[in-house]
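Asker: Structure below; questions to follow.
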Amino acid sequence: MTSSEVQRQDASAALRLLCEGELELEGRLVDASNTTLRATLTLDGRTARCVYKPVRGERPLWDFPDGTLAGREVSAYLVSRATGWDLVPLTVLRDGPLGPGSCQLWIDEPDDAEPLVGFVPAESVPPRWFPVAAARDDDGAAYALAHADDPRLARLAVLDAVINNADRKGGHVLAGADDRIYGVDHGVCFHVEEKLRTVLWGWAGRQLPPDAVQVLDALDRQLAGELGEELAEHLTLGEVAEVAARVRRLRDTGRYPLPPQEWPAMPWPPI
């Protein structure tokens, strides 16, 4: 059974597999800056792959001194779940072979999945794509960093603004089964200061779609109750308060945020 199939199954069964399944390490994802391991989960004859990020393998970050990156990964999932958009794979905090860490269901990308973010020749940006930055290759040819004008990405851009994602690279957007997309790698989110860095600037300054405004209204109510309490288990009270403040600002302006002028608007590398 693939992890995508597990994700689509009954939520309680998938959650039990992630929390209680025997976790066996397969290997390390070497491109990650912190210890990131692929593993298998096994429980009652069912198996699935996951990404395990132990707290002990986190590299200290001067601008994220509180809590853990693993806790931020879980918090991003909790906010995504509360939106009803399910843009972040099921993620929990649990013990593993290297101690406590975040454990997230692995997303199997279909072989024929169409890319939604990437570098394209500057003179031939695909229809219904937004160019967001200019670039040149080693030979001096002009390229554009661009992304699709896709409603699934538009929702992800709203989520990133809510959680203050400082690292939305193109490679952090995955295509799943059933025409789903997922955002992954949320260890540097939820700072109290504005740190939004993303490749999804195509909607900057544009009006939010009506369903996003409704979601923001619902988040505002949930943050005053159970969601706020859940986030407080992983974030500081100040960080939780800022999530609510960002939700209200987005709802009140009714528009996607503009790129910042005070800090880099793009993560590096962007893909």
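The values are calculated or read from the model by the stated rules, or taken from the named source; none is laboratory data. Being a predicted model, the structure only gives us computed values, none of them experimental. Cβ coordinates were reconstructed from backbone atoms using ideal geometry, including for glycine residues, and neighbour counts include every protein chain displayed. Keep in mind that these areas ignore ligands, DNA and RNA; they rest on the heavy atoms of the full protein, side chains included. Shrake-Rupley method; radii C 1.70, N 1.55, O 1.52, S 1.80 Å.
Asker: Scanning for something among the aliphatic types (A, V, I, L, M) and assigned to a loop (DSSP other than H, G, I, E, B), does the stretch 140-152 turn up at least one residue?
Answerer: Checking the stretch 140-152: at least one residue is among the aliphatic types (A, V, I, L, M) and assigned to a loop (DSSP other than H, G, I, E, B).
Asker: Residue check: is residue 46 modelled with pLDDT of 90 or more and either over 20 Å from the mean Cα position of the chain (by Cα) or surrounded by fewer than 16 Cβ atoms within 10 Å (Cβ to Cβ) (or both)?
Answerer: So residue 46 passes the test.
Asker: Condition check: surrounded by fewer than 19 Cβ atoms within 10 Å (Cβ to Cβ) and more than 29 Å from residue 75 (Cα to Cα). Does residue 151 satisfy that?
Answerer: So residue 151 fails the test.
Asker: Given (1) open to solvent by less than 60 Å² (accessible area, probe 1.4 Å); (2) touching a strand residue (DSSP E or B) at 6+ places or on another chain (Cβ under 8 Å), identify the lone condition not met by residue 109.
Answerer: Here residue 109 clears every test but (1).
Asker: A further question on this structure: Of all residues in the stretch 176-199 being charged (D, E, K, R) and within 24 Å of residue 240 (Cβ to Cβ), which is least open to solvent (accessible area, probe 1.4 Å)?
Answerer: If we take residues in the stretch 176-199 being charged (D, E, K, R) and within 24 Å of residue 240 (Cβ to Cβ), then 195 is least open to solvent (accessible area, probe 1.4 Å).
Asker: Further question: Please verify whether residue 173 is of a type in the set (A, V, I, L, M), touching a strand residue (DSSP E or B) at 6+ places or on another chain (Cβ under 6 Å), open to solvent by 10 Å² or more (accessible area, probe 1.4 Å) and free of Cβ contacts under 8 Å to residues at least 60 places away in the same chain, treating the condition exactly as stated.
Answerer: Yes: the conditions hold for residue 173.
Asker: Of everything in the stretch 241-257, what is under 19 Å from the mean Cα position of the chain (by Cα) and open to solvent by 20 Å² or more (accessible area, probe 1.4 Å)? Give them in sequence order.
Answerer: If the condition is that a residue be under 19 Å from the mean Cα position of the chain (by Cα) and open to solvent by 20 Å² or more (accessible area, probe 1.4 Å), then 242, 257 are the ones that fit.
Asker: For the stretch 204-220, how many residues meet the condition of being buried (at least 16 other Cβ atoms within 10 Å of the Cβ) and touching a residue at least 60 places away in the same chain (Cβ under 8 Å)?
Answerer: 2
Asker: Something else now. Does the stretch 72-81 contain any residue that is among the aromatic types (Phe, Trp, Tyr), touching a helix residue (DSSP H, G or I) at 6+ places or on another chain (Cβ under 9 Å), open to solvent by 10 Å² or more (accessible area, probe 1.4 Å) and touching a residue at least 12 places away in the same chain (Cβ under 8 Å)?
Answerer: Scanning the stretch 72-81, I find no residue that is among the aromatic types (Phe, Trp, Tyr), touching a helix residue (DSSP H, G or I) at 6+ places or on another chain (Cβ under 9 Å), open to solvent by 10 Å² or more (accessible area, probe 1.4 Å) and touching a residue at least 12 places away in the same chain (Cβ under 8 Å), so the answer is no.
Asker: Looking at the stretch 26-39 only, could you name the residues that are among the aliphatic types (A, V, I, L, M) and open to solvent by less than 70 Å² (accessible area, probe 1.4 Å)?
Answerer: Matches in the stretch 26-39: 29, 32, 37, 39.
Asker: Continuing with the same structure: Does residue 226 fit the bill of being open to solvent by 50 Å² or more (accessible area, probe 1.4 Å) and without any contact (Cβ under 8 Å) to a residue 60 or more places away in the chain?
Answerer: Yes, satisfied.
Asker: Also, quick follow-up: Does residue 143 fit the bill of being within 27 Å of residue 111 (Cβ to Cβ), aromatic (Phe, Trp, Tyr) and in contact (Cβ under 8 Å) with a residue 40 or more places away in the chain?
Answerer: Spelling it out, it is not the case that residue 143 is within 27 Å of residue 111 (Cβ to Cβ), aromatic (Phe, Trp, Tyr) and in contact (Cβ under 8 Å) with a residue 40 or more places away in the chain.
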